[in-house]
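Asker: Have a look at this one.
The values are calculated or read from the model by the stated rules, or taken from the named source; none is laboratory data. Since this is a predicted model, take the numbers as computed values, not measurements. A quick note on method: Cβ atoms are made from the backbone with ideal geometry, for glycine too, and the neighbour counts reach across all protein chains shown.
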Amino acid sequence: MQRTVETLIAGEPVTEGAGVRLRRVFGHHEAPMFDPFLLLDDFRSDTPEDYLKGFPWHPHRGIETITYVLKGDVEHGDSLGNSGVISDGDVQWMTAGSGIIHQEMPKGNSSGQMHGFQLWTNLPASYKMMRPRYQGFTASRIPETSTPEGCLIKVIAGTVAGTTGPVSDIVTSPVYIDCMVPQGALFRHTTPADHTALIYGIEGKGRIGETDIANRQLAHLSEGTEIVVEASETRFRFLLVTGKPIGEPVAWQGPIVMNTQEELDRAFTEYRSGTFVKV
């Protein structure tokens, strides 16, 4: 059964961190519908004042944060002693698990451009307190493939068009790709019928069934097994994310997502007392 667009969302401008202006595509209010995904931020900007204040030290627990950079540099560091730079085409898949404190400081490039996205994925109760870890991959380690119709696909996680991405061992069995469809061509992908599927336009215009989708629009797809995306008036570039729903209660405050209010209160008490980080 072919999937159709159930909901089309444009998101809204928000200010986060120490004063970063970005577009919150979806977040707290939409999360129940998008299980296992919690949040998607689009931080594309050509104005350094929008992003240079960054995201100073803050905690995470119970989730995974996925940062994908198209242009510019993001410097990062954390309570595990990790530090580095995420640059053009790089991906960082951070599993916060039992707790991590980190900072992310966008620096942009020589032209002042800082283009990227951050996706939050929930963890099931049995994995909420797992050991924190990173899966970081430079652009050269993210495989690219093409289809007979000329679609160009970067595969970050999962398997698409016979190519498997480098991010592995994720409990929600996600697919995450960056796909460019030439004008007039079709992209096709088969998914488990019950997996949540989201498509976010990042360039040009496309169509899913009878619904048009453009840059900075998110399509939440119906249940089904077949995803078909057509590039209509122009070529169409988009992010496709799919994952297995968790189906558990969500207790969410700021950067911490647990299953109960008691667990959430405990996390913030530990953060204030200095016992938040377990590793």
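Asker: If GLY19 satisfies all but one of (1) touching a residue at least 24 places away in the same chain (Cβ under 8 Å); (2) surrounded by 17 or more Cβ atoms within 10 Å (Cβ to Cβ); (3) small (Gly, Ala, Ser), what's the number of the condition it fails?
Answerer: (2) is the only condition that GLY19 fails.
Asker: Quick one: in the stretch 222-279, which of the residues that are of a type in the set (S, T, N, Q) and touching a residue at least 60 places away in the same chain (Cβ under 8 Å) is farthest from PRO192 (Cα to Cα)?
Answerer: We begin by selecting, within the stretch 222-279, every residue of a type in the set (S, T, N, Q); these are 222, 225, 232, 234, 242, 253, 259-261, 269, 273, 275.
Narrowing the set further to residues that are touching a residue at least 60 places away in the same chain (Cβ under 8 Å) leaves 222, 225, 242, 259.
On the way: SER222: 12, THR225: 6, THR242: 9, ASN259: 25 Å.
Looking at the filtered set, the residue picked out is ASN259.
Asker: Further question: What is the number of the single condition among (1) closer than 28 Å to SER168 by Cβ; (2) of a type outside the set (Val, Ile, Thr); (3) at pLDDT 95 or above that PRO32 does not meet?
Answerer: Among (1) closer than 28 Å to SER168 by Cβ; (2) of a type outside the set (Val, Ile, Thr); (3) at pLDDT 95 or above, the lone unmet condition for PRO32 is (3).
Asker: Next question. Criterion first (in contact with a Ser or Thr (Cβ under 7 Å, 6 or more places away or on another chain), of a type outside the set (A, V, I, L, M), touching a residue at least 12 places away in the same chain (Cβ under 8 Å) and surrounded by fewer than 21 Cβ atoms within 10 Å (Cβ to Cβ)) does ASP73 satisfy it?
Answerer: Numbers: in contact with a Ser or Thr (Cβ under 7 Å, 6 or more places away or on another chain): yes; of a type outside the set (A, V, I, L, M): yes; touching a residue at least 12 places away in the same chain (Cβ under 8 Å): yes; surrounded by fewer than 21 Cβ atoms within 10 Å (Cβ to Cβ): yes.
Answer is yes for this residue.
Asker: Scan the stretch 80-124 residue by residue and report those that are of a type in the set (D, E, K, R) and either within 18 Å of PHE137 (Cα to Cα) or touching a His at 6+ places or on another chain (Cβ under 7 Å) (or both). Lay out the reasoning, then the answer.
Answerer: Step one: filter the stretch 80-124 for residues of a type in the set (D, E, K, R), giving 88, 90, 104, 107.
Selection gives ASP88, ASP90, GLU104.
Asker: Filter the stretch 133-146 for residues that are of a type in the set (S, T, N, Q) and over 23 Å from ARG235 (Cα atoms); which is surrounded by the fewest Cβ atoms within 10 Å (Cβ to Cβ)? It would help to see each step written out before you state the result.
Answerer: Quick first cut of the stretch 133-146, residues of a type in the set (S, T, N, Q) only: 135, 138, 140, 145-146.
If we keep only those that are over 23 Å from ARG235 (Cα atoms) as well, we get 135, 138, 140.
Values: GLN135: 18, THR138: 13, SER140: 8.
Among residues in the stretch 133-146 that are of a type in the set (S, T, N, Q) and over 23 Å from ARG235 (Cα atoms), the one surrounded by the fewest Cβ atoms within 10 Å (Cβ to Cβ) is SER140.
Listed here are the residues, each with its yes/no results for (1) modelled with pLDDT under 95; (2) small (Gly, Ala, Ser); (3) surrounded by 15 or more Cβ atoms within 10 Å (Cβ to Cβ).
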residue	(1), (2), (3)
THR191	no, no, yes
LEU218	no, no, yes
THR225	no, no, no
GLU230	no, no, yes
ARG237	no, no, yes
LEU240	no, no, yes
GLY247	no, yes, no
PRO255	no, no, yes
GLN261	no, no, no
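Asker: Could you check, for the stretch 224-239, whether at least one of its residues is within 22 Å of ILE170 (Cα to Cα), acidic (Asp, Glu) and in contact with a strand residue (DSSP E or B) (Cβ under 9 Å, 6 or more places away or on another chain)?
Answerer: Within the stretch 224-239 (the criterion being within 22 Å of ILE170 (Cα to Cα), acidic (Asp, Glu) and in contact with a strand residue (DSSP E or B) (Cβ under 9 Å, 6 or more places away or on another chain)), the answer is no, since none of the residues qualifies.
Asker: Please go through the stretch 203-216 and pick out each residue that is surrounded by fewer than 20 Cβ atoms within 10 Å (Cβ to Cβ), touching a residue at least 24 places away in the same chain (Cβ under 8 Å) and not small (Gly, Ala, Ser).
Answerer: Passing the criteria: GLU203, LYS205, ARG207, GLU210, THR211, ARG216.
Asker: Where residues in the stretch 22-46 are charged (D, E, K, R) and outside any strand (DSSP E or B), which of them is nearest to SER87 (Cα to Cα)? Break it down stepwise before answering.
Answerer: Of all residues in the stretch 22-46, those charged (D, E, K, R) come to 23-24, 30, 35, 41-42, 44, 46.
Within this subset, residues satisfying the condition of being outside any strand (DSSP E or B) are 30, 35, 44, 46.
Details: GLU30: 30, ASP35: 29, ARG44: 14, ASP46: 15 Å.
Per the criteria, the residue is ARG44.
Asker: Within the stretch 225-279, take every residue that is among the small types (Gly, Ala, Ser) and assigned to a helix (DSSP H, G or I) and give me the one that is farthest from LEU186 (Cα to Cα).
Answerer: Let us first name the residues in the stretch 225-279 that are among the small types (Gly, Ala, Ser), namely 231-232, 243, 247, 251, 254, 267, 273-274.
If we keep only those that are assigned to a helix (DSSP H, G or I) as well, we get 267, 273.
On the way: ALA267: 46, SER273: 54 Å.
Per the criteria, the residue is SER273.
Matching residues to (1) of a type in the set (Phe, Trp, Tyr); (2) closer than 16 Å to VAL14 by Cα; (3) free of Cβ contacts under 8 Å to residues at least 12 places away in the same chain; (4) crowded, with 18+ Cβ neighbours inside 10 Å:
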site	(1), (2), (3), (4)
ASP41	no, yes, no, yes
LEU52	no, yes, no, no
PRO59	no, no, no, yes
THR65	no, no, no, yes
GLY77	no, no, no, no
GLY97	no, no, no, yes
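Residue-wise test of (1) among the acidic types (Asp, Glu); (2) in a loop (DSSP other than H, G, I, E, B); (3) surrounded by 15 or more Cβ atoms within 10 Å (Cβ to Cβ).
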{"site": "GLN118", "(1), (2), (3)": "no, no, yes"}
{"site": "ARG131", "(1), (2), (3)": "no, yes, no"}
{"site": "PRO148", "(1), (2), (3)": "no, yes, no"}
{"site": "VAL155", "(1), (2), (3)": "no, no, yes"}
{"site": "THR172", "(1), (2), (3)": "no, yes, yes"}
{"site": "ASP178", "(1), (2), (3)": "yes, no, yes"}
{"site": "GLY184", "(1), (2), (3)": "no, yes, no"}
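Asker: Now for a different question. Could you check how many residues of the stretch 240-271 are under 22 Å from PRO174 (Cβ atoms) and of a type in the set (S, T, N, Q)? Working first, answer last.
Answerer: Pass one, the stretch 240-271, residues under 22 Å from PRO174 (Cβ atoms): 240-250, 252, 255-259.
With the extra rule that they be of a type in the set (S, T, N, Q), the set shrinks to 242, 259.
The total comes to 2.
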